[in-house]
Amino acid sequence: MRVPVTDLIGHPGAAKPFTVTLEREDVGDPGASWGPADDALQGPIELDLDLESVVEGILVRGDVSFAVELPCARCLEPQTSEHTVAVAELFPDPRKREDEDEDDPGYEIVDDLTAIDLSTLIRDAVLMDLPVRVLCREDCLGLCPVCGTDRNAEDCGHRPTDEPDPRWAALADLDLPDS
Ligand SMILES: [Zn+2]
Ligand SMILES: [Zn+2]
């Protein structure tokens, strides 16, 4: 996801908006893994950014918005949630860099100082805000540890004192999406 910045670089104070709706395939290598977001990420990713030229390089600020679908940690019903992550990242101009500055891979000005690649920024934003555990509702009753029935939908009659089937007991404790 390269954005030309020839009009900004070397012109501190210059700025331009960058607003676009992307499919996942538009962000970097089509085959690249999104890690834990690989299955969860749904639909397009929206960028509402400002690119600003500063003495040190190009400052990228704004919002990255996306939707994810994850199973409820108790009853496994898929849950969709919308996320907006505020980002603020500097893409340093290597000519302005102090020798001891560390490289931050993915946040460089590329193509002979004519463009920035937003792929890493977008991926980092998605992964940063990916929920570790979702519930369909706070008081979700989850799956019965004895028979596996969704107890939100139906009372199977089992009580916590009944002998659990070990397969469903394991499911009830499942902390998704760590699988
Ligand atoms: Zn649930
Ligand atoms: Zn049951």
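Any read-out appearing in this document is the output of simple, stated calculations on the displayed coordinates, not a laboratory observation. All values reported here derive from a predicted model rather than from experimental measurement. Because the Cβ atoms are built from the backbone with ideal geometry, glycine has one as well, and the counts that use them run over all protein chains shown.
Where only DSSP H runs of four or more residues are counted, the chain gives -2500 deg cm²/dmol as its mean residue ellipticity at 222 nm, each run worth -39500 (n - 2.57). Within the shell defined by Cβ-Cβ distances under 11 Å, the residues around THR6 carry a net charge of -3, with Lys and Arg each +1 and Asp and Glu each -1. Candidates HIS158, ILE9, SER65 compared by Cα position along the dipole of the chain: farthest toward the positive end lies HIS158, with charges placed on Cβ. Counting charges near ARG137 (Lys, Arg +1; Asp, Glu -1) among other residues having Cβ under 11 Å from its Cβ returns a value of -2.
Shown here for segment 69-154: GluC sites (Glu not before Pro) in loop regions (DSSP other than H, G, I, E, B) with at most 15 other Cβ atoms within 10 Å, namely GLU98, GLU100, GLU102, GLU138, GLU154.
For segment 2-128, give the magnitude of the charge dipole about the Cα centre (Cβ charges: +1 Lys/Arg, -1 Asp/Glu; no others), in debye to the nearest 20.
So the magnitude is around 340 debye.
Here each label is just a point 7 Å from Cα along the line to Cβ, and for ALA86 and GLN42 those points are 2.7 nm apart.
What the phi angles of segment 14-25 give under the Karplus curve with 6.51, -1.76 and 1.60, with θ = phi - 60°, is a coupling list of 6, 8, 8, x, 9, 10, 7, 10, 10, 8, 3, 5 Hz, glycine and proline written as x. The gain in end-to-end length when the GLU77 to ASP50 segment is fully stretched comes to 6.0 nm, 0.36 nm per residue minus the alpha carbon separation. When the chain is treated as a Gaussian network with alpha carbon springs shorter than 10 Å, the biggest mean-square fluctuation among GLY43, GLY157, GLY62 belongs to GLY157.
Between ARG133 and ARG95, what FRET efficiency comes out of the Förster formula 1/(1 + (r/R0)^6) with R0 = 30 Å and r the beta carbon distance, rounded to 0.05?
After rounding to 0.05, the efficiency reads 0.10.
Roughly how tilted is helix 119-128, in degrees to the nearest 10 and between 0 and 90, from the longest Cα axis of the chain? Computed tilt is about 30 degrees. The coefficient of translational diffusion for the chain, derived via Stokes-Einstein from the alpha carbon Kirkwood radius under 25 °C and 0.890 mPa s, stands at 129 µm²/s. Extension gain for THR6 to CYS156 (0.36 nm times residue separation, less C-alpha to C-alpha distance): 47.4 nm.
Based on the Cβ-Cβ distance of ASP63 and ASP111, what FRET efficiency does E = 1/(1 + (r/R0)^6) give at R0 = 45 Å, to the nearest 0.05?
Computed FRET efficiency for ASP63 and ASP111 comes out at 0.95.
Cβ under 9 Å from VAL87's Cβ, VAL87 left aside: what net charge do those residues give with Lys, Arg +1 and Asp, Glu -1?
Here the count lands on -2.
A full extension of the chain between ARG167 and ASP124 corresponds to an added length of 11.9 nm, given 0.36 nm per residue minus the alpha carbon distance.
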